[in-house]
Structure formats: C-alpha cells, structure tokens
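Below is one structure, written out as structure tokens; comments come after it.
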Amino acid sequence: MFKRRLGPDPHAHGALTSALRGCPDIWELENGDFAVIGQDITAKAARNLPPGATCGPDERIVVVPRQRLVSAKADIPEKA
C-alpha cells in the first residue's frame, strides 16, 4: 500500500517531533494517491471551513507543518 515517503524522515538525525510520538508525514501510495499523517484538527476546524469546502464523516482535517510539506516538494511528481 505505501510506496515511498515524500521528503526526509521526520526523525532523521535524532529529530524529535512536537508530540514526541508520531510525526507529520507524507506518503505516496502504490496506486499513485497520497496519504498524509498529521495532527487531527477536525473538531475545531470543520465549523470554520470556507464556503464550498466540506469534511465528510469519513474524512479528517489534519495539519502538516509548512516545513514538512516544503521539504517534500522535490519528491512530488509534476504530472499525473
């Protein structure tokens, strides 16, 4: 299911994450889709979504720190 991590390992070189357990992470899946691991902010963010944006009962709103996404940029394919 998981094909490859996008960006560096968030624990590389002994780095600690904010919660000291899990970590924000971005993965490419075997089918070409992407999976994101981040802090779940659904409860507080869902009620503030802009018009036209929704979060279904089987979805979650997660935060991925800017630096994490920026560091993965080089690994994100340009084309579908």
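Quick note: the coordinates plus some simple rules give every number you see, no bench work behind them. These numbers were taken from a predicted model, which means no experiment stands behind them. Virtual Cβ from ideal backbone geometry, glycine too; neighbours counted across all protein chains shown.
With a sphere of radius 14 Å drawn around the Cβ of Asn31, what net charge do the other residues whose Cβ falls strictly inside it have (Lys, Arg +1; Asp, Glu -1)?
Counting the neighbours of Asn31, the net charge comes to -1.
Contact order normalised by length for the chain, with contacts defined as Cα pairs under 8 Å and 6 or more residues apart; what percent is it?
Worked out over the chain, it gives 33 percent.
Taking the Cβ of Thr42 as the center, what net charge do the other residues with Cβ under 14 Å away carry, scoring Lys and Arg +1 and Asp and Glu -1?
Within the 14 Å Cβ shell, the charges total 0.
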